[in-house]
Amino acid sequence: MHSRTPGHPEVGITPGVETTTGPLGQGLANAVGMALAEKLLAARFNRDGFPIVDHLTWAFVGDGCLMEGISHEVCSLASTHELSRLIVLYDDNGISIDGEVRHWFGDDTVARFRAYGWHVIAGIDGHDIGALDAALIQAARWAREGRDGVFAPILVQCRTVIGKGSPARANTAKAHGEPLGSAEIEATRSALGWTHAPFEIPADIRQAWDTRASGAALEASWQARFALYRQRYPELASEFERRMRGELPDDFDALVDEAVRAAAGVVDAVATRKASQNALNVYGPALPELLGGSADLTGSNLTDFKGSGALRRGGTAGDGRHINYGVREFGMSAIMNGLALHGGFIAYGGTFLTFSDYSRNALRMAALMKQRVIYVFTHDSIGLGEDGPTHQPVEHAASLRLIPRMDVWRPADGVETAVAWGAAIERNDGPSSLLLSRQTVPAVTRSVAQVEAISRGAYVLRDAEEAQLVLIATGSELGLALAAREQLAEQGIAVRVVSMPCTTVFDRQSANWKSAVLPPHLPRIAVEAGISDFWWKYGCDAVIAVDSFGESAPAPVLFKHFGFTPENVVDTVREVLRRRASAAR
């Protein structure tokens, strides 16, 4: 426990580890994101004589990584964007945990990568140091100079024997997943002629691998070059340093205020996905580090903003700040993790909420690695209508809220959406998911204090003297709760309406704030077009929810069918109060 060498490498634990790996294929996807970051930053900041961003990105993969479907998603895209500074070494040993992969992995990997458009250096003996060295030098040259004028990612196929040197385990699955054991360790030492004690590194090997002096010299050279760059291009240098530190501009708070004011000025009903785009129209032009995208749903997710431009093959790398990822939800999410790990960008990408399932493990990895990544999930409920239950998310909001360190925002209108975006951009210790509606929702009036309270995850939107009950609502159901409150008032029943756009943020608030918003003595009813199970932790007496899959019908028909009407909310309130009164007798 708390080892610097855990079972799988974890970023932030061991120096030199640049990403957390283990789920196969995602390290490769992260590398694609890092290579993309290098290319875009180089286009933005490099000037003649000043190659400030000038690194290669190296990745090591095995058979299992290339079996995972995500490898196809990201390697195809890497070629499309001509990420020539990405070099991938393929450990082709033909063994995975279940044995010889020829029984289930018959791909011609070399042909596959050539079909993507990659350059391939094939058939290298992975145990021949001279051959490996020559291949890596050639790959690095192609990365910087191209091959016959063509710039593309590079795959180096290294044929190896797993467990080489072990008399009983070499070239078997046992060498992959099991300790050798003391007897086989001694046999392997004998076979290799290795006489040194455990963890003893021979002086000649240590010297050959010790690059501290040369590394320090390279860093000093870069620092000297950057000092001259700063003199020549002070504004570019300042922006580069700020972005690589992950800091926002000094006027970011004013930018959030601008986005909120713009949203408050929209009095017509608007879908929160459109409110999201409106917010991006404020944040995007002012924050050059924002890099967006969508998994082939730009026109639905509305993840582009005015002047963002689309990143295109063959164009200048700095021309676009919106990536068309194609139908690659998993690949998109893992690439965004790589962009965040590299630094210099705040990546966001969109798809339908129901397709967050495709991205799930990359979302978990972003949270595990504490990376600032923003996921834009639109069409967030049965309110999307006729596309039916395959596209109507039910369990997804609750599922995302279960991921530790994932902040899940489900804003109710334009103002909450602008605040949610500001919070997601500002947060630097984990990812955020924005759940946005397809259908329009009414604008809500608020006091200045209420607007400020949105960032605390939940707040009292409408109160009443001697309130008898609290209605908790999120997203598109907030308007429903407000309408029910008016009907209840006409019947002499006073209720408080709490908007809870982000349960995860609310859960981190002080006990005083939480009890002020949700008084312990008042019964509570949650209203959200998703499964009910999540809401019981808030001590609810009832939950108006969707505990089945949806149906194919227009949104108004569906909301009525599933009980999302002011009348049903009123009836539920009355029933809860009746039960409470009966129990008190």
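Values quoted throughout were computed directly from the atomic coordinates according to the rules given, and no laboratory measurement underlies them. Since this is a predicted model, take the numbers as computed values, not measurements. Using ideal geometry, Cβ is built from the backbone for each residue, glycine included, and neighbour counts are taken over all protein chains shown.
Would you mind getting me the FRET efficiency between Ser548 and Gln207? Use the beta-carbon distance for r and R0 = 60 Å, nearest 0.05.
Working: r = 67 Å, r/R0 = 1.12.
The calculated FRET efficiency here is 0.35.
Based on Cβ point charges of +1 for Lys and Arg and -1 for Asp and Glu, what charge dipole magnitude is obtained for the chain about its Cα centre, in debye rounded to the nearest 20? It would help to have the intermediate numbers written out before the result.
Values: 56 positive and 68 negative charges, 111 e Å.
That gives a dipole near 540 debye.
Using the Kirkwood formula on the Cα atoms of the stretch 26-217, what hydrodynamic radius do you get, in angstrom to one decimal?
Numbers: mean 1/r = 0.0532 Å⁻¹.
Final number for the Kirkwood radius of the stretch 26-217 is 18.8 Å.
Pop a pseudo-label 7 angstrom from the Cα along the beta-carbon direction at both Ala464 and Ala489 and give the gap in nm to one decimal.
0.9
When only alpha-carbon atoms count, how far does the stretch 252-441 stretch along each of its three principal axes, as whole angstroms with the largest first?
For the stretch 252-441, the Cα spread along each principal axis is 40, 38, 32 Å.
Roughly how many nanometres apart are two label points built 7 Å out from the Cα toward the Cβ at Arg360 and His2?
3.3
How long are the semi-axes of the equivalent ellipsoid of the stretch 527-585, defined as square roots of 5 times the Cα gyration tensor eigenvalues? Whole Å, largest first. Before the final figure, lay out the partial values.
On the way: eigenvalues 127, 42, 9 Å².
So the three semi-axes of the stretch 527-585 are 25, 14, 7 Å.
Report the local net charge at Leu40: Lys and Arg +1, Asp and Glu -1, summed over other residues whose C-beta lies under 14 Å from its C-beta.
On the way: positive: Lys39, Arg44, Arg85, Arg243, Arg312, Arg313, Arg321; negative: Glu38, Asp54, Glu82, Glu239, Glu289, Asp319.
Taking every Cβ under 14 Å from that of Leu40, the sum is +1.
Can you give me the Cα centroid spacing of the stretch 460-524 and the stretch 78-127 in angstrom?
First find each Cα centre; the distance between them is then 56 Å.
Given a Förster distance of 30 Å, report the FRET efficiency between Lys164 and Ile13 from their Cβ-Cβ distance, rounded to the nearest 0.05. Don't skip to the answer; put the middle values down first.
Numbers: r = 29 Å, r/R0 = 0.96.
So, using R0 = 30 Å, E works out to roughly 0.55.
Length gain on complete extension for the stretch Tyr233 to His196, per 0.36 nm per residue less the alpha carbon to alpha carbon distance? Write down the numbers at each step before the final one.
Numbers: separation 37, 0.36 × 37 = 13.32 nm, distance 5.34 nm.
That pair, Tyr233 and His196, stretches by 8.0 nm at full extension.
Loop sites only, by DSSP: take the GluC sites (Glu not before Pro) in the chain that have at most 11 other C-beta atoms within 10 Å and name the longest stretch containing none of them.
No qualifying site falls inside 201-464, the longest such stretch.
Using only the C-alpha atoms of the stretch 394-496, find the volume of their convex hull and express it per residue in Å³.
Values: hull volume 12.7 nm³, N = 103.
Roughly 123 Å³ of hull volume per residue.
Can you compute the equivalent ellipsoid semi-axes for the chain, i.e. the square root of 5 times each eigenvalue of the Cα gyration tensor, sorted largest first and rounded to whole Å?
50, 28, 22
When you take every Cα atom in the stretch 244-293, what is the radius of gyration, and what is Dmax, the widest Cα pair distance, in Å?
12.2, 40
For the stretch 89-158, state which chymotrypsin sites (Phe, Trp or Tyr not before Pro) are in a DSSP loop and have at most 11 other beta carbons lying within 10 Å of their beta carbon. Let's see the in-between values first.
Details: sites: Tyr90, Trp104, Phe105, Phe113, Tyr116, Trp118, Trp142, Phe151; in loops: Trp104, Phe105, Trp118, Phe151.
Sites meeting the loop and neighbour criteria: Trp104.
What do you get for trypsin sites (Lys or Arg not before Pro) in the stretch 1-91 restricted to DSSP loop and a cutoff of at most 15 other Cβ within 10 Å of the site's Cβ?
Numbers: sites: Arg4, Lys39, Arg44, Arg47, Arg85; in loops: Arg4, Arg85.
Passing sites in the stretch 1-91 are Arg4.
Normalised radius of gyration for the stretch 360-446, please: alpha carbon Rg relative to 2.2 N^0.38 Å, two decimal places. Don't jump to the answer; show the numbers that get you there.
Numbers: Rg = 13.6 Å, N = 87, 2.2 N^0.38 = 12.0 Å.
It is 1.13.
Can you give me the relative contact order of the chain as a percent, contacts being Cα pairs under 8 Å and 6 or more apart?
Details: 1111 pairs, mean separation 67.2, N = 585.
Value for the chain: 11 percent.
Would you mind calculating the gained length between Arg578 and Ala183 on full extension (0.36 nm times residue separation, minus the Cα-Cα distance), in nm to one decimal? Before the final figure, lay out each step's value.
Numbers: separation 395, 0.36 × 395 = 142.20 nm, distance 7.44 nm.
Taking 0.36 nm per residue and subtracting the Cα distance, the gain is 134.8 nm.
So what is the relative contact order for the stretch 252-441, in percent, with contacts set as C-alpha pairs under 8 Å and at least six apart?
Details: 396 pairs, mean separation 50.9, N = 190.
Across the stretch 252-441, relative contact order equals 27 percent.
Once you charge only the Cβ atoms, +1 for Lys and Arg and -1 for Asp and Glu, what is the size of the charge dipole of the stretch 395-455 about its Cα centre, to the nearest 20 debye?
On the way: 6 positive and 7 negative charges, 27 e Å.
Computed charge dipole of the stretch 395-455: roughly 120 debye.
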